[in-house]
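Quick notes on the structure that follows.
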Amino acid sequence: MRARISDEFLDKQRWKGDGPADRLITATFSKGNQDLLYGLLKLNASQIRQRSNSALRNFLIKRRVPPSWFDVKRLHHGQKLFKLYALEMMALLGAMSLPYCYAASPGNNALYLSDKMRNAPGKRLMDTASFVIEVLTPGSLDDDHGGHIYINKVRLIHALSRYYVKKHPQWDRTWGVPINQEDMAGTNLAFSYVILLGMQQSGYLLSHREKEDFLFAWRYIGYLLNIQEALLPASFLEASQLTNLIKRRNFKKTEAGTILTAELLKYYKSTVPPSQADLLPSQIRFYLGKEVADMIGIVSDSWRDRITSSVSTLKSLQNMLSVHSSSYERLLLQHSLIRKGIISGN
């Protein structure tokens, strides 16, 4: 096993973003090529490939050389696990991973200062879901597919956010760089290790190999996102250690985290029946646990918490005995319907 990561190492990572992407965004703005950037970000992989050469287009289509530890079979196995539990994992992404990230400060300030995150959480959730589907669909990251282009678009979007947030008058320079290496590593863990914890909590019986391969898929995705390899755990144990270290360093109760969570809950409640909306805070609290839930302002409601716990326990017993059929297909249908609703709403 690799040596443990120190606080001193993570302190340095708070001052590092994504060098190649950040330099490209700076050059794009200095040359007044913003329209080209925004136009390319709206295109799909095939359309981007057909565009004429430019620094932006070439960045988007470039593939990173696979690392020495890359194993295509393990990547496919990790992606296949997502396909098997796609709908369930996406539900955990919304009920567990995203609010979990809101407890991390000062990283959550970058989200708080983004108008999209506070004023358009539905669009943010749709973008996140689209990314997860794109990178975890089996085969999407193979040489003959365009998953890497989607990832490079996210790299540019992150760099664009860093460019703007650093200029925001409320951004405190002592916080480091917005969307820095430590924060990106924490998000990667929230989408991988934390999801696996939620799956276990929901009663799904995953083998050791299934969990390791799912983490491997996200390790490779993190590598493609240009997260430093030292911040990409090679095992479930390493993921647990890094998650706990980042949590100890960054998790606290803040106004930003509380407001972000309130806006997320407000959006969720607008999309589900009232009977379900009433239990949403307790459901999120069930998955996050008391400590993190308190940090982001989800207070305990003993009556609703008991109902949620009882229902979740019953569902866990059911999940231990069966796998829901057509999970991936149902997720794609649901995602398409929600996307149409958001687009028409805009």
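Some notes on this structure:
- Dividing the summed -39500 (n - 2.57) terms of all DSSP H runs of n ≥ 4 by the residue count of the chain sets its mean residue ellipticity at 222 nm at -20500 deg cm²/dmol.
- Of the Cα atoms belonging to the stretch 128-223, the radius of gyration and Dmax stand at 15.9, 48 Å.
- Label zone at Lys247, where the point sits 7 Å out along the Cα-to-Cβ direction: the stretch 288-312 residues whose backbone N lies under 17 Å: 288-298
- Angle in degrees between helix 147-165 and the longest Cα principal axis of the chain, rounded to the nearest 10: 90
- Principal-axis analysis of the Cα atoms of the chain puts helix 302-321 at an angle of about 80° to the longest axis.
- Packing around the peptides 177-188, 20-31, 132-143, 149-160, taken as the average count of other Cβ atoms within 10 Å per residue, puts them in this order, highest first: 177-188, 149-160, 132-143, 20-31.
- Positive-end residue of Ile48, Ala234, Thr254, charge dipole of the chain with Cβ unit charges: Ile48
- Projecting label points 7 angstrom from Cα along Cα→Cβ for Gln276 and Leu237 puts them 4.0 nm apart.
- Hull-based mean projected area of the stretch 174-215, where the convex hull spans the alpha carbons, in square nanometres: 3.5
- Length gained when the stretch Leu332-Asn44 is fully extended (0.36 nm per residue, less Cα-Cα span): 101.9 nm
- Bins of 5 Å from zero: percent of alpha-carbon pairs in the stretch 209-307: 2, 11, 16, 16, 14, 16, 16, 7, 2, 0
- Pairs spanning more than 26 Å between alpha-carbon atoms, out of Lys42/Lys123; Lys290/Lys315; Lys16/Lys247; Lys290/Lys340; Lys211/Lys340; Lys42/Lys166: Lys290/Lys340; Lys211/Lys340.
- Per-residue extension of 0.36 nm, minus the Cα-Cα distance of Asp142 and Ser302, leaves a gain of 52.8 nm for this segment.
- Non-local Lys pairs in the stretch 46-122, i.e. 8 or more apart or on different chains, that have alpha carbons under 27 Å apart: 4
- For Asn53 and Trp15, the FRET efficiency from 1/(1 + (r/R0)^6), where r spans their Cβ atoms and R0 equals 41 Å, is about 0.80.
- Extended-chain gain in nm, criterion 0.36 nm per residue less alpha-carbon gap, Lys167 and Val311: 47.2 nm
- 13 Å beta-carbon shell around Met199, net charge (K/R +1, D/E -1): 0
- Taking N as its residue count, the alpha carbon Rg of the chain over 2.2 N^0.38 Å: 0.97
- Across q = 0.25 Å⁻¹, the stretch 1-96 modelled as identical point scatterers on its alpha-carbon atoms has Debye log10 I(q)/I(0) values of -1.11, in the order of the q list.
- Taking the square roots of 5 times each eigenvalue of the Cα gyration tensor of the stretch 37-86, largest first, gives ellipsoid semi-axes of 29, 16, 8 Å.
- Sequence ranges 50-58, 232-240, ranked by mean other-Cβ count within 10 angstrom, highest first: 232-240, 50-58
A short reminder: the numbers here are calculations on the coordinates, not readings from a lab. All values derive from a computational prediction rather than experimental measurement. Cβ coordinates were reconstructed from backbone atoms using ideal geometry, including for glycine residues, and neighbour counts include every protein chain displayed.
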